[in-house]
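Asks: First the structure, which I've put down as structure tokens, then a few questions once you've had a look.
The values are calculated or read from the model by the stated rules, or taken from the named source; none is laboratory data. Keep in mind that what you see is a predicted model, and the values were worked out from it rather than measured. When we count neighbours, we look across all protein chains shown, and the Cβ atoms used for this are built from the backbone with ideal geometry, even at glycine.
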Amino acid sequence: MQGSTGKRAPAPKILDLIRLLPTLWRQPPLALVAAREKYGDIIRLDVGNRLVVHMITRPDYIKQVLQDNHRNYVKMSLYHNHLFKDVLGNGLLTSEGELWVRQRRLIQPVFRHQRLVPLVSVVTEETEALLERWEGYYRRGEPFDLAEEMIELTRKINGRILFGDDIIGDVVDRARRSFSKGSRFIFLTGGLIPSPQRRLFRQQKQILIRTVWSVIRERVENPTDSDDMLNALLHARDRKTGEGMSLEQLRDELLTLVFAGFETTEKALTWSWYLLSQNPGHFDRLARELAGVLAGRLPTFADLPNLGFARRVAREALRLYPPAWVMGRRALEDDELGGYHIPRGSFIVINHFGMHRHPEYWRDPERFDPDRFLPERVASRPRFAYSPFGGGPRLCVGNDLALMEMQLILSTIAQKYRVCVLPGFPVELEPEITLKPRYGLRVTLEAAPRAPEFTPRRPLEV
Ligand code: HEM
């Protein structure tokens with residue numbers, strides 16, 4: 001590093017840390033917001049003599065780490081090595097260096113805009129099936145857990161997108177529950193300490209890996225012409241070398257897409273419904289947009305640009321409750337952020353949750369206001385004030401798919417029902433690997449305002 005001032009970033013006092021502990025334990029994202037308010041946009045934490053952590057909550061710092069000087073910041077961290085990599089192997093989310101460059105080149109085209117078109121009917125068909133199930137809840141006025149419903153819906157959609165059908169749904173569900181059950185302990189110990197949770201976690205992980213293997217083998221032995229991602233990845237060839245990926249690599253990529261694809265989207269949808277239930281005026285506006293554009297039919301790909309408010313609702317939900325609420329990196333060499341010295345080896349915590357509520361960049365940050373995402377308002381903010389999908393070269397490869405999925409699901413359901421969270425139902429932040437409502441979300445359904453007769457029919461393909 002040239003010309004470093006060597007200035008150390010502000011560090012919290014021990015007493016403040018102790019005061020923060022209960023919040024840090026119970027609702028860590030709120031503790032990170034409080035820490036930023038007290039100490040500023042960069043905070044240094046020395047853990048013993050050897051481990052230095054910097055938490056950053058400022059667009060230009062985040063830009064430097066994720067984009068401008070991204071080569072200096074790798075993903076390698078305790079969690080990566082012992083948790084994510086343990087399950088996902090060397091898939092796109094966890095790999096680094098040459099392997100990552102090659103795989104990104106192979107995988108990115110599978111998510112191209114044009115390839116999303118046939119996925120629209122997968123999303124709307126599954127959402128229609130969900131609405132049929134919900135009919136009973138509606139008629140009986142029966143409360144149910146919306147978080148579980150969003151998990152099942154997005155898991156089925158993801159299964160169809162990846163494998164042509166929800167063939168490994170049960171295995172994924174069991175694995176998800178075991179990861180989720182032990183995640184707090186495993187997370188805090190970096191997966192290093194033996195425990196019943198870790199044993200269960202490992203057991204389910206093995207079953208999941210074996211299942212994905214058997215799906216790949218079956219497809220190799222009995223090829224199909226399905227346009228799912230398994231086929232697309234199996235036949236993907238590097239435009240530079242003409243080479244494809246090994247079957248081991250394909251397995252890791254599929255495991256990655258299984259989890260990266262639905263764990264995140266289902267949480268974002270659950271939070272979207274929560275926010276709409278708390279802001280009935282915004283729900284009414286959404287319902288008006290849907291009545292005007294769709295008049296009771298299912299959305300198509302061609303409708304998406306006309307469903308601007310639905311998309312802004314999704315983006316605003318991702319601001320207030322980013323599923324990836326923090327993100328980690330490690331500095332390979334010394335660097336400087338905002339005049340503060342970042343020593344080589346330092347861990348960087350990107351505080352997305354705090355960034356998305358930073359009052360310097362978001363007026364009245366706690367307020368749900370989808371119009372923050374009108375183009376002129378987006379243009380008035382620094383790009384990295386909002387990064388629910390990360391940024392720079394490692395920007396989420398599925399971001400267009402995720403936003404499209406959210407827009408379609410919100411638009412299909414909100415034409416029929418208004419979701420109402422049970423009065424007094426506790427909603428607290430539970431950060432597992434992604435951010436979820438701790439007790440789920442118990443809701444009842446009401447008919448959406450001015451809901452026209454819903455006429456399920458196949459969407460027009462474009
Ligand atoms: C609302 C939904 C989603 C959110 C909030 C989200 C968030 C993110 C974030 C923050 C990253 C960057 C991680 C980092 O740099 O450390 C990421 C990467 C990634 N996401 Fe997503 N994601 C979502 C949906 C999806 C979907 C639908 C897929 C695919 C089916 C997907 C696949 C991936 C992959 C493969 C990466 C690794 C990219 C790379 O490093 O090259 N994600 N996602």
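Asks: Which one is nearest to the ligand (Cβ to nearest atom) among residues in the stretch 65-99 that are assigned to a helix (DSSP H, G or I) and modelled with pLDDT of 95 or more?
Replies: Filtering the stretch 65-99 for residues that are assigned to a helix (DSSP H, G or I) and modelled with pLDDT of 95 or more, the one nearest to the ligand (Cβ to nearest atom) comes out as LEU66.
Asks: Do we find a residue being in contact with a Gly (Cβ under 6 Å, 6 or more places away or on another chain) and either on the phi < 0 side of the Ramachandran plot or within 16 Å of the ligand (Cβ to nearest atom) (or both) anywhere in the stretch 331-345?
Replies: Yes: one or more hits.
Asks: On the basis of being in contact (Cβ under 8 Å) with a residue 12 or more places away in the chain, under 16 Å from LEU401 (Cα atoms), within 16 Å of the ligand (Cβ to nearest atom) and surrounded by 19 or more Cβ atoms within 10 Å (Cβ to Cβ), does THR270 make the cut?
Replies: So THR270 does not fit the description; no.
Asks: Can you tell me which residue within the stretch 41-64, out of those that are modelled with pLDDT of 95 or more and in contact with an Asp or Glu (Cβ under 6 Å, 6 or more places away or on another chain), is surrounded by the fewest Cβ atoms within 10 Å (Cβ to Cβ)?
Replies: If we take residues in the stretch 41-64 being modelled with pLDDT of 95 or more and in contact with an Asp or Glu (Cβ under 6 Å, 6 or more places away or on another chain), then ARG58 is surrounded by the fewest Cβ atoms within 10 Å (Cβ to Cβ).
Asks: On to the next question. Going by the structure shown, is TYR61 touching a helix residue (DSSP H, G or I) at 6+ places or on another chain (Cβ under 9 Å), hydroxyl-bearing (Ser, Thr, Tyr), within 16 Å of the ligand (Cβ to nearest atom) and more than 30 Å from GLY242 (Cα to Cα)?
Replies: yes
Asks: Taking the stretch 319-356, which residues are farther than 13 Å from ASP41 by Cβ, outside any strand (DSSP E or B) and touching a helix residue (DSSP H, G or I) at 6+ places or on another chain (Cβ under 8 Å)?
Replies: If the condition is that a residue be farther than 13 Å from ASP41 by Cβ, outside any strand (DSSP E or B) and touching a helix residue (DSSP H, G or I) at 6+ places or on another chain (Cβ under 8 Å), then ARG319, LEU320, TYR321, PRO322, PRO323, ALA324, TRP325, LEU332, GLU333, PHE353, HIS356 are the ones that fit.
Asks: Kindly state which strands (runs of 3 or more DSSP E) lie completely within the stretch 393-453 and contain at least 2 residues that are within 16 Å of the ligand (Cβ to nearest atom) and crowded, with 22+ Cβ neighbours inside 10 Å.
Replies: Filter on the stretch 393-453 gives 435-437.
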